[in-house]
Each structure stands twice: as structure tokens, then as C-alpha cells.
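Dropping the structure in here first, questions after.
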Amino acid sequence: MASMAAITTTVLLFFIMILYSSSTINATTTTTQQRFKEAPKFYNSPNCPAIQQSDKCSDDAVHVAMTLDATYLRGSMAAILSVLQHSSCPENILFHFVTAASSSTSFLNTTLSSSFPYLKFQIYPFHDAAVAGLISTSIRSALDCPLNYARNYLANLLPSCVRRIVYLDSDLVLVDDISKLAATPLPNDAVLAAPEYCNANFSAYFTPSFWSNPSLSLTFASRRPCYFNTGVMVIDLERWRAGDYTTKIEEWMELQKRMRIYELGSLPPFLLVFAGNIGPVDHRWNQHGLGGDNFRGLCRDLHPGPVSLLHWSGKGKPWARLDANRPCPLDALWTPYDLLQTPFALEA
Ligand SMILES: *[C@@H]1O[C@H](CO)[C@@H](O)[C@H](O)[C@H]1NC(C)=O
Ligand SMILES: *[C@@H]1O[C@H](CO)[C@@H](O)[C@H](O)[C@H]1NC(C)=O
């Protein structure tokens, strides 16, 4: 009986694979067909603070915000797994997922619950109409997706009792305990903390029309602005709300629609508002750029120094390169967190 079942399954899978490969299924359909394995349950170590099940706001919890959509789902699943696996108090992590209101929230909800039956999470639909009118086209079209701007709106989307959040992109994995990152001090009333790169050419993030207009370039007059990547941030949501930073970012986006002051998508408004006034985070928490060169798609190496978080920012994504059989060497570090259920894995 068992072998009959196995044969039947194999035959079925064979046909499913033919169906997959035979036709003109578009990318969206294919991604919604993805099936994911169930992750193991992760347990708190004995010294973790106890959190009430009903307390959705506990300051003892680590609150993590991420966006969730069908295109990057495989990346998000890997990121979630990596966070849990390296945490000493995984049951004290509360995830806040922002999805496009137009997307299939119930599909994302079901997918998450079946792979992570013990995950504590909330889904927040983001009405992209709010931001669609503010987006001007950037040099990389993937950056124009409204959900990419959701990080500007976390303070409004999340319950007001959530005071501090770790925001994470979907194209990264942690290899260290997120509670260390979440505990980053925010001195001098800093609203957010992120690794800073003061050797990067900051001028290059803005256009000559920005720098040649004194009323604009004076924005940075009283600070020493350095580049930071908005894919990994610790944000004090109380200070954000008090300073209404959502509006400050939107004001720069409004200006960008009228005169081009930068080229990339959601990053430059963050630099305009915060660069030079952020809390420091060790570079180990954002080993970025592993996606490779934006124009030629070349592989990148790690930056020198220790690593707590690997970030495939840039054009290339490890799952896409693995599927195309053209992985970069460092993509092997992402693979252990991949939860995608392949037809071959199902057979095993
Ligand atoms: C997700 O599913 C759970 C039940 O499994 C339900 O209680 C919750 O409302 C759903 N959330 C969304 C946003 O659909
Ligand atoms: C920094 O970038 C600007 C604008 O792209 C360029 O004009 C300038 O030469 C660069 N500076 C250095 C030191 O590379």
C-alpha cells in the first residue's frame, strides 16, 4: 500500500511538474503556487522574560516589522526562520507584517501559519493608494513598488502601544540574536539607529540640481551626513510619532515629484530626514550589497569584519540565482534558511 501511494504521488508530481514547465504561466501565478516546508518549533531558553500571551505590546518582546508580498515571499520566509533560529528567546518575538491591501492577504496568512504554526504575528494591510501618488520613477523599477515605502508608515500602521521596532528587509538572513540588535541604544533623542557608512560618497545619492540649490543643500548644513541602508533599522516609534516623521518624509517625496532631487526609490528621503542624526549600529548588522552590482549583476564579497546579518541588497536575489543555476558563492549562506518545498524534496 505504502509503495502504491508513493508511486501515485510520484506520478502526480510528475504531472504537476509538466504543468509547471509546459506553459505560459506568468510570474505571479508561479509565485502563488510556491509551497513551503514547516519550520521546527523554537523554544525560549530558561532566562527569557515571561510575556503574557495576550500582551501584544510588551516591551520585553522584540517587535519585528517586515513587508510581505508574493514576489519576495521566499525571502521573507527565510528571514523569519533565521531570526527564530538564532534567537535565545524566540517565543518573545512578535512579527508585524505589512502587506499591500490589494494582495491576497489570506494566502499570505495561510502560508505563514502553515510554515510557522507557532509564530506570533499580525498582518497589516497597507493601502498603497496613500503612497502611489507620491512615488516618482526611480532608476530601478523594483524600488517603485508601493510596499517598498511601507517603512515610512510603520508608526501609523502598528498599534500605538508598540514603542520600538526592528525593521528588516525580506532579502536578508540573521546569523545572530536579534535581541542584541533590538537593544541598540538611541542616544541624543535619535529616532532610529542603523549602521552608518561615512566613507560612501554621500553626494552621489542626490542630483546636481539638489546640491546646486542652496535652500535644499542647506538641509545638511548642521550635520555630518553619512549613508545608511534602510533595510535594517531600529526605530523608536514613539519619537517617530511625536516628530511626525512620516509627514517629513512625504514632504521630500512631494518635492521629488516636482524637481528630481535623487535617483533611487525610498532611501533618499530617509537620508534627507535622518542622515547624521541616527544612532550607531555595528556594521556586522548589515553586511549589505550581496545582491551584487545593480547594472551588471556581479557577485560581491563580504565586507571585512564579523557578520551578524547578511543582506542581499542590490539587484540579484539568492533564490532567483539558485533557481537559474547561477548562484554567487555567498548564496550558499542563504540556502540553509530556504523553506521552499521543491517537487523533488516532496518526493524524498
Ligand atoms: C489570519 O488568520 C487568522 C486565523 O488563522 C485570523 O484570525 C486572522 O484574522 C487572519 N488575518 C488576516 C489579516 O487575514
Ligand atoms: C562623489 O559623487 C559626486 C556625484 O556623483 C561626484 O561628482 C564626485 O566626484 C564624487 N566624489 C568622490 C570623492 O568620488
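Only one of L119, L73 is within 12 Å of ligand 1 (Cβ to nearest atom) and at negative phi. Can you tell me which?
Answer to the check: L119.
Shifting gears a bit: Suppose we filter the range 290-317 for residues that are at pLDDT below 95 and under 21 Å from Y72 (Cα atoms); how many remain? Working first, answer last.
Pass one, the range 290-317, residues at pLDDT below 95: 290-305, 313-317.
Checking the rest, the ones that are also under 21 Å from Y72 (Cα atoms) come to 290-295, 297-300, 313-317.
The number of residues fulfilling the criteria is 15.
Those residues that are free of Cβ contacts under 8 Å to residues at least 60 places away in the same chain and out of contact with any Leu (no Cβ under 7 Å at 6 or more places or on another chain), I need them from the range 273-287; list them, please.
Listed by number, the residues that qualify are V273, G276.
Then there is this: Of everything in the range 182-239 that's within 16 Å of ligand 2 (Cβ to nearest atom) and polar (S, T, N, Q), which residue is most open to solvent (accessible area, probe 1.4 Å)?
Once the filter is applied, the top-ranked residue is N199.
Could you tell me whether the range 153-165 includes any residue that is more than 16 Å from ligand 1 (Cβ to nearest atom), assigned to a strand (DSSP E or B) and under 18 Å from the mean Cα position of the chain (by Cα)?
The answer is yes, given that some residue of the range 153-165 is more than 16 Å from ligand 1 (Cβ to nearest atom), assigned to a strand (DSSP E or B) and under 18 Å from the mean Cα position of the chain (by Cα).
Filter the range 41-60 for residues that are over 17 Å from E238 (Cβ atoms) and either among the polar types (S, T, N, Q) or open to solvent by 100 Å² or more (accessible area, probe 1.4 Å) (or both) and give the result.
Answer for the range 41-60, where residues must be over 17 Å from E238 (Cβ atoms) and either among the polar types (S, T, N, Q) or open to solvent by 100 Å² or more (accessible area, probe 1.4 Å) (or both): Y43, N44, S45, P46, N47, Q52, Q53, S54.
So which residues in the range 242-266 are open to solvent by 20 Å² or more (accessible area, probe 1.4 Å) and closer than 30 Å to V173 by Cβ, if there are any at all?
Y245, E263, L264, listed by residue number.
Please determine whether any residue of the range 284-291 is over 26 Å from D189 (Cβ atoms), assigned to a strand (DSSP E or B) and open to solvent by less than 70 Å² (accessible area, probe 1.4 Å).
Yes, because at least one residue in the range 284-291 is over 26 Å from D189 (Cβ atoms), assigned to a strand (DSSP E or B) and open to solvent by less than 70 Å² (accessible area, probe 1.4 Å).
Still on this structure, I have one more. May I ask you to say which residue of T71, T29 is open to solvent by 10 Å² or more (accessible area, probe 1.4 Å), within 20 Å of L147 (Cα to Cα), modelled with pLDDT under 95 and in a helix (DSSP H, G or I)?
Being open to solvent by 10 Å² or more (accessible area, probe 1.4 Å), within 20 Å of L147 (Cα to Cα), modelled with pLDDT under 95 and in a helix (DSSP H, G or I) holds for just one of T71, T29, which is T29.
Can you tell me which residues in the range 85-112 are out of contact with any strand residue (DSSP E or B) (no Cβ under 8 Å at 6 or more places or on another chain), open to solvent by 50 Å² or more (accessible area, probe 1.4 Å) and within 13 Å of ligand 1 (Cβ to nearest atom)?
The answer is S104, S106, T110.
The values are calculated or read from the model by the stated rules, or taken from the named source; none is laboratory data. A quick note: this is a predicted structure, and the numbers were derived from the prediction, not measured. Quick reminder, even Gly has a Cβ in these numbers, built from the backbone with ideal geometry, and neighbours come from all protein chains shown. These area figures cover heavy atoms from the full protein model, side chains too; ligands, DNA and RNA do not enter into them. Shrake-Rupley method; radii C 1.70, N 1.55, O 1.52, S 1.80 Å.
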